[in-house]
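Let me begin by presenting the structure, written as structure tokens, before commenting on it.
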Amino acid sequence: MSENIIDISHVSFKYKGSEEGLLNDTSLTVAKGETLLLTGASGSGKTTLIRLINGLIPHYYQGVLEGEVTVSGRDIGKAELYELAGVVGTVFQNPRSQFFSVDTDGEIVFGNENIGLDPKIILKRKEAIVSQMHIEKLLGRTLFELSGGEKQSIACASVSALLPEIILLDEPSSNLDQGAIAKLHDQIALWNMQGKTIVISEHRLWYLKDLVDRVIYMDSGKIAHEWKGAEFAAFDSRKIAELKLRPLTVSDVLSPACGSNCGLKDSCDKIGAMPDEADGIVLKDFFFSYHRKPYLFWKKSFNENDPDLSLCIQRLVLPKGAVIGVTGRNGTGKSTFLKCVCGLEKDCKGIIEDAGRTYKGKERLKLSYMVMQDVNHQLFTDSVESEVLLSMNEEDKGRCNEILDKLGILEFKDKHPMALSGGQKQRVAIASAMAADAKLMLFDEPTSGLDFLHMEKVAELLKSLARTGKTVLVATHDPELIELCCEYILCIENGKLGYIRKV
Amino acid sequence: MKLDPRTKLYMILIVSAVVLMSATSPFLWGVRILMTLIPVILLIIEKRYTSAFGFTFLYLVALVLTFAFLSEDSNSFFKTFLTGYSGIVVQFLPCLITAWYVVRTTKIGEFMSSMQKMHVPDGITIALAVVMRFFPTIKEEYSSISDAMKMRGISFGGGNAAKMIEYRMIPLLFSCVNIGDELSAAAITRGLGGKVKRTSVEELRLRWADWLLITAFTSAAVIFVVFKYFL
């Protein structure tokens, strides 16, 4: 019997100011060297468990804590957080907000400097980690320039450099593409081989099923089920669907053809699914580059022959009234494409034609509406109702209520948008898009970090938008979402149109 | 060229002190302009051409306006306005250029270790480091918020200045608070703020370039003060 390195015994926890407890009398032990997966719906207590193990509860997030947590022989309630730094390492969900330095080198050594190691040892550790993870090319760069996947690699390196016995990962793949997830998978496998104890909280299951020794299913603050890793990996899709989990296997809707070798040999008609111009929305001459800086007053103007284009789409016909998944690797131009289509990049002179009308320049802003990945950026007012009214040309309360009702958020009409949950905020943003009468709705990663239930809801919503005649473009890394709702896939490769095809 | 953060901080200190004393003779103006040129040259050495050029351009325009076209007794509304603005630019831009150079070229690790060498309390060091870390974040957040406003056609708040600021600031504050919260949590789990004495892999040493700049700035400041008050 191997010894237990984490021992959570009869723990209940309630965040300060909240009525309901997030954990109710939960007990869990993790053996040394074990890889444990925590899964379950959002709000079921996964993140709370992670925070209990790394000591953020009770030292950073305050609340009422009962029971005892022992990690590697230390009583978490009494230990100081900085003592735990060399014992427990945590990789967080959002790559943007977990680094402290602005340069990669500084970030990798940050933890070791904090615990006061000798600089010589720190540099040795850094070298070892860098060669182990093959991230030599990331050194000496500014963190703000890196893609999400690269940031997450640096986060992993920074945690590894402290040589902790226990590594916690809190939804680490939320913002990553397939390639970056594959790297994360290898990283976890490496930690496993080094004998680290690993606890992962995650909604995406397909990349983890060969790695985990044990799976814990959380439901409203309790451990509802517990399976052996192999047992869990063998579950059929019906069982997974019953548990409201994301699928264990995803079809290869995303992976082939999005690489160098096209997987659709027979039907490799790249633009086969493009409808006639008459039945679609036509995009013409979308060229854009980030690389060329404006000189002072010069206007940038791009054409197809420019060498360093970030986006180069000469002609594209989007099928009307359909949900179109926009895929492609991190940093390959999906977001640029969306921004150019809705007219946010002024220097992109693309033209949109719809139903005999031509939209250029600022007119594109009226035709389309983008729901951003971080919806917090687009909620401006102090109530849901005024948020929707703000988007209308003429205030029409009746229509506003109708829209809110359709989206199921009528009851929150007078609430402050920031007081709502993530999914509800997203609906408010969609409501403003509907109020603005946008024909083209763009979504940037609407399901990153969502559990299956919420993802289904989003998919349902996207489909219903398409049914009302809107054309929906959704940039996503979630193959699950594409399977749920997309009729077409549009793949962007290095800023160029990879292909567009029917699912 | 790598300068010691201490030199950079010293530069900021001297430049800030000098801009607070008004230049009263052409010679003093010369000293001040020379002091402004140093950070501009440093920016060029660091290959930050756009900002170096932009700052120089702004500074020159303001200088020319102040000297050639305007004087204290310009009395039309427009002229008064312009005197005020270009005066402020000429007076304080040197400070801004230096600060820009320092923020853009100092790594947070370097900064923290230099503060520690100067025996500044950790509380202050960490707070300042977080501020430095936050500039780029604020810029990123601000630009997405501007995008969102453009999309809804409320960039100008429907002509209402208060609304224009409100729409910008509320989402910005919310997201900065959120990011700040996550950032602190992540930093704390990696041992920031512990009682252990922090070490640093950044080796700090004053090289010839540092001494040269320190000498240059010190003498410029001394010359400025002597010529202004004692001669």
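The values are calculated or read from the model by the stated rules, or taken from the named source; none is laboratory data. These figures come from a predicted structure and were not determined experimentally. Positions of Cβ are generated from backbone atoms using ideal geometry, with glycine treated the same way; all protein chains shown enter the neighbour counts.
A few comments on the model shown:
- Selected residue (criterion: farthest from A:ALA85 (Cα to Cα)) from residues of region A:112-166 that are of a type in the set (S, T, N, Q) and within 12 Å of another protein chain (Cβ to nearest Cβ): A:THR142
- So B:VAL19, is it touching a Pro at 6+ places or on another chain (Cβ under 7 Å) and either at pLDDT 90 or above or not small (Gly, Ala, Ser) (or both): yes
- Contact map, region B:190-206: residues that are more than 7 Å from chain A (Cβ to nearest Cβ) and farther than 13 Å from A:GLU113 by Cβ paired with residues that are in a loop (DSSP other than H, G, I, E, B) and of a type outside the set (A, V, I, L, M), Cβ distance under 6 Å, separation 6+ or inter-chain. Pairs shown: B:LEU204/B:ASP4; B:LEU206/B:ASP4.
- Taking region B:1-82 as the region of interest, the helices (runs of 4 or more DSSP H) fully inside it that hold 3 or more residues being touching a residue at least 60 places away in the same chain (Cβ under 8 Å) are B:5-19, B:26-45.
- The numbered conditions (1) of a type in the set (D, E, K, R); (2) surrounded by 12 or more Cβ atoms within 10 Å (Cβ to Cβ); (3) within 13 Å of chain A (Cβ to nearest Cβ) are all true for B:ASP210 except (3).
- Scanning region A:70-95 for residues that are facing chain B (nearest Cβ under 10 Å), out of contact with any Asp or Glu (no Cβ under 8 Å at 6 or more places or on another chain) and not in a strand (DSSP E or B) yields A:GLU80, A:LEU81, A:TYR82, A:GLU83, A:LEU84, A:ALA85, A:GLY86.
- Filter result for the condition that a residue is in contact with an Asp or Glu (Cβ under 8 Å, 6 or more places away or on another chain), in a strand (DSSP E or B) and surrounded by fewer than 23 Cβ atoms within 10 Å (Cβ to Cβ), over A:SER42, A:SER9, A:SER27: A:SER9
- A:GLY343 meets all of the listed conditions (1) within 11 Å of chain B (Cβ to nearest Cβ); (2) on the phi < 0 side of the Ramachandran plot but one, namely (2).
- Residue ID - surrounded by the fewest Cβ atoms within 10 Å (Cβ to Cβ), chosen from residues in region A:359-383 that are among the aliphatic types (A, V, I, L, M) and either on the phi > 0 side of the Ramachandran plot or within 8 Å of another protein chain (Cβ to nearest Cβ) (or both): A:LEU365
- Screening region A:196-243 for strands (runs of 3 or more DSSP E) wholly inside it with 2 or more residues that are in contact with a helix residue (DSSP H, G or I) (Cβ under 9 Å, 6 or more places away or on another chain) and of a type in the set (Phe, Trp, Tyr) returns no ranges.
- The residues of region A:404-429 that are β-branched (Val, Ile, Thr) and modelled with pLDDT under 90 amount to a single one, A:ILE409.
- Of all the listed residues (B:ARG152, B:ARG168), the sole one being at the interface with another protein chain (Cβ under 7 Å from one of its Cβ atoms) and buried (at least 16 other Cβ atoms within 10 Å of the Cβ) is B:ARG152.
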